[in-house]
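Trainee: First the structure, which I've put down as structure tokens, then a few questions once you've had a look.
The values are calculated or read from the model by the stated rules, or taken from the named source; none is laboratory data. Because the structure is predicted, anything quoted here is derived from the model rather than measured. Heads up, the Cβs are rebuilt from the backbone with ideal geometry, glycines too, and the neighbour counts pull from every protein chain shown.
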């Protein structure tokens, strides 16, 4: 069989079109730019919405996803929006939906999200849309309210099968309230969020006063109100933005300086600049610390959670000024950022740069138009209903004739024509009468129809009055805005400051200087420090136990002092860790602001602190006295590599009853014993000993007696002796006893290791001293609850008896600054 050959096919003719490349590029670029500007990046100045945001809210409203309904999967919302209205990818739609639900991005949230919708600054990405759920928030209902009442124009969607609104009704100025950001072709927008109540206040003022100036509007809107709070420093840039549509301002994190522990200070960050997340700040701080570009930070913790919100704890090293470290953080980290305002929005389809007044004017015009169209639509609906009600009432008046007419008619069309001719009804009224069931033709329904007619007449008249009066229309719009503000307005979150805050104060050094100070110990065991080489005088009118000084020692801020305990231990404490005491009255240090000794050192069992001591090698040294009458003078050659060591080798059962830091070496040392003996002898009679030594005899004790108090007196003429006598058989703390105050000068000096002289004569039932103390006058006594106890007037006789006290005394301190003595407490006896 011969092969068959197919006829040759004709090749299609080539179709080549010569075009100008420059013209094609120009046209394609303009088409692309037009699409980006009008369909993606820039918001409409009327409702503040980009097309994708508007389509999301409109479609969710059409789906019935209102606040009183259940959440639905975000994937379903994205699918509906993409399939019906938005001819772009699902990621762009979901990203816009996520932002509408983020309270840290929107000043007034529009979507109520359920699930992980990301975190501040984008540190934590939102979950996929198949996991998250959403519905409209209550505020979003205000943006789409009355959209079915012909208040805005609709246009075909991308394929012509659906329609979408050109703009939303927007019952509040969404563009100013929630701001906007977007990058178009050749232009961009970046608008800051504002406070809803403030913006509505300005809009209402502009409605009432159309010629209002920018200055008047700024009285209502002083500046942006960012969702994340913070502080705005410098308002000049904001004024520029409100005037010209462009400007910049700097926003700072909100930071508090707090005591993290009694010995550590920290910076607590609770608010960050807009669109800055904590992870970004934490990573930047760590980089700076590792590069040694910032100093003074010892630790950084992110304690942010859903309960307490943002909380960054920046722990500082001792010796660094928190204010100076904070300034470095503002300067080098995102804790201070610049926000550039660029108010570009679409007005009548044209991108324009708008100031505050222009933005409010565009919104007010839009809202007036929406309310006007709504009133026209409602009036038309009511007039249409009124027309039907009037026709039905005509039929009810002659119901028998109407029924007879209908029964005699050939068909429905004949009945309609005969009704129109007989009762002068319109075609619509006649059709409505024929469609009305017989059950509606009762007397009761006639009354209902007459009531409805009157109501409709009133509503039509009211709507007509609004439409015919611009004043009434403006008043209605203003009233509706006021109702929105009443329900949704919240207090301002962002603090506005005139100062730019860019100049760091040179007077704040980074590290704390090694300045002279005094460390104070109160009668209740509180520690603190006061600045200056000279101790300020104690206030004479103090009435709380915390404000009586027990001991003080000179030091420097970056140095160390020591606590002397009754077990003979000397414990080092850095002065910088002690709180600085504020002035309580005049120049008096407020001892109540101190911290307990237990916050700085760990004591054993019933061990207690009896005095303060300096650690310098210069000076006469430290002198200690024990319960068994031993005295020891210790030099200043303390070990530098130990923070805790013994200064005396105590015998079994012995304890320190007092210690004092000598200043000149010419002081007198004083013992008070339980059998009411007082021994005063010069400190020069006690030679210094090494730390392992056990001391020498200070006072000779009688059988059964023990030393009650020990200390030093710089000036016997200015010192006062306080003793309290009682019974040894009474339970501790239950007897007030008899008190006696005597000038120390009344007691002659004796030699060391003698028995001294009597300091108080016992009354009937008394056989022991309960309490003893020596210090600068005036002496102040306190009971267990911290209240004061009045002491008797000074008794010049050294062996006189005391006066009965009303309450037991637990401690005595001095009201003077230069005390050379240690306060006593009842537990010391």
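Trainee: Looking at the stretch 685-696 only, could you name the residues that are surrounded by fewer than 14 Cβ atoms within 10 Å (Cβ to Cβ) and modelled with pLDDT of 90 or more?
Mentor: Answer for the stretch 685-696, where residues must be surrounded by fewer than 14 Cβ atoms within 10 Å (Cβ to Cβ) and modelled with pLDDT of 90 or more: just 687.
Trainee: Starting from residues that are more than 15 Å from residue 722 (Cβ to Cβ) and touching a helix residue (DSSP H, G or I) at 6+ places or on another chain (Cβ under 8 Å), keep the ones in the stretch 755-795 and report whichever is modelled with the lowest pLDDT.
Mentor: The extreme case among them is 786.
Trainee: Do we find a residue being closer than 30 Å to residue 176 by Cα and touching a strand residue (DSSP E or B) at 6+ places or on another chain (Cβ under 9 Å) anywhere in the stretch 21-37?
Mentor: Of the residues in the stretch 21-37, the ones closer than 30 Å to residue 176 by Cα are 30-37.
If we keep only those that are touching a strand residue (DSSP E or B) at 6+ places or on another chain (Cβ under 9 Å) too, we end up with 36-37.
Yes - at least one qualifying residue is present in the stretch 21-37.
Trainee: Against the condition over 30 Å from residue 211 (Cβ atoms), assigned to a helix (DSSP H, G or I) and in contact with a helix residue (DSSP H, G or I) (Cβ under 7 Å, 6 or more places away or on another chain), how does residue 447 come out, does it pass?
Mentor: No, not satisfied.
Trainee: Under the condition of being surrounded by fewer than 24 Cβ atoms within 10 Å (Cβ to Cβ) and touching a strand residue (DSSP E or B) at 6+ places or on another chain (Cβ under 6 Å), which residue from the stretch 610-620 is modelled with the lowest pLDDT?
Mentor: 615
Trainee: Continuing with this model, one more query. Looking only at the stretch 86-99, how many residues end up being free of Cβ contacts under 8 Å to residues at least 24 places away in the same chain and not in a loop (DSSP other than H, G, I, E, B)?
Mentor: Qualifying residue count, the stretch 86-99: 3.
Trainee: So, of the residues in the stretch 281-333 that are part of a helix (DSSP H, G or I) and without any contact (Cβ under 8 Å) to a residue 40 or more places away in the chain, which turns out to be surrounded by the most Cβ atoms within 10 Å (Cβ to Cβ)?
Mentor: Within the stretch 281-333, the match that is surrounded by the most Cβ atoms within 10 Å (Cβ to Cβ) is 282.
Trainee: Go through 434, 419, 405, 425 for me and flag whichever is surrounded by 15 or more Cβ atoms within 10 Å (Cβ to Cβ), in the same structural domain as residue 387 (by TED's automatic domain parsing) and outside any helix (DSSP H, G or I).
Mentor: 425
Trainee: Out of the residues in the stretch 188-208 meeting the condition of being part of a loop (DSSP other than H, G, I, E, B) and touching a helix residue (DSSP H, G or I) at 6+ places or on another chain (Cβ under 7 Å), tell me which one is farthest from residue 100 (Cα to Cα). Outline the logic, then answer.
Mentor: Step one: list which residues in the stretch 188-208 are part of a loop (DSSP other than H, G, I, E, B), which gives 192-195.
From the residues that got through so far, the ones that are touching a helix residue (DSSP H, G or I) at 6+ places or on another chain (Cβ under 7 Å) too are 193-194.
Numbers: 193: 13, 194: 16 Å.
Across the stretch 188-208, the extreme among qualifying residues is 194.
Trainee: May I ask you to verify whether residue 527 is at pLDDT 85 or above, outside any strand (DSSP E or B) and within 30 Å of residue 650 (Cα to Cα)?
Mentor: No.
One line per residue, one yes/no per condition, for (1) closer than 17 Å to residue 573 by Cα; (2) surrounded by fewer than 21 Cβ atoms within 10 Å (Cβ to Cβ); (3) assigned by TED's automatic domain parsing to the domain that holds residue 713; (4) over 48 Å from the mean Cα position of the chain (by Cα):
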residue: 641; (1), (2), (3), (4): yes, yes, yes, no
residue: 644; (1), (2), (3), (4): yes, yes, yes, no
residue: 666; (1), (2), (3), (4): no, yes, yes, yes
residue: 671; (1), (2), (3), (4): no, no, yes, yes
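Trainee: Now a separate question. In contact with a helix residue (DSSP H, G or I) (Cβ under 8 Å, 6 or more places away or on another chain), touching a residue at least 12 places away in the same chain (Cβ under 8 Å), under 23 Å from residue 193 (Cβ atoms) and surrounded by fewer than 21 Cβ atoms within 10 Å (Cβ to Cβ): does that describe residue 246? Before the answer, list the steps.
Mentor: On the way: in contact with a helix residue (DSSP H, G or I) (Cβ under 8 Å, 6 or more places away or on another chain): yes; touching a residue at least 12 places away in the same chain (Cβ under 8 Å): yes; under 23 Å from residue 193 (Cβ atoms): yes; surrounded by fewer than 21 Cβ atoms within 10 Å (Cβ to Cβ): yes.
So residue 246 passes the test.
Trainee: Right, another one. Given the structure, is residue 269 touching a residue at least 60 places away in the same chain (Cβ under 8 Å), assigned by TED's automatic domain parsing to the domain that holds residue 320 and in contact with a helix residue (DSSP H, G or I) (Cβ under 9 Å, 6 or more places away or on another chain)?
Mentor: Yes, satisfied.
Trainee: If you don't mind, another one. Is there a residue in the stretch 446-468 that is modelled with pLDDT of 90 or more and under 30 Å from residue 221 (Cα atoms)?
Mentor: There is at least one residue in the stretch 446-468 that is modelled with pLDDT of 90 or more and under 30 Å from residue 221 (Cα atoms).
Trainee: So how many residues does the stretch 370-393 have that are buried (at least 17 other Cβ atoms within 10 Å of the Cβ) and without any contact (Cβ under 8 Å) to a residue 40 or more places away in the chain?
Mentor: Of the residues in the stretch 370-393, 0 are buried (at least 17 other Cβ atoms within 10 Å of the Cβ) and without any contact (Cβ under 8 Å) to a residue 40 or more places away in the chain.
Trainee: Please work out if residue 211 is out of contact with any helix residue (DSSP H, G or I) (no Cβ under 8 Å at 6 or more places or on another chain), part of a helix (DSSP H, G or I) and either closer than 18 Å to residue 495 by Cβ or outside the structural domain of residue 322 (by TED's automatic domain parsing) (or both).
Mentor: So residue 211 does not fit the description; no.
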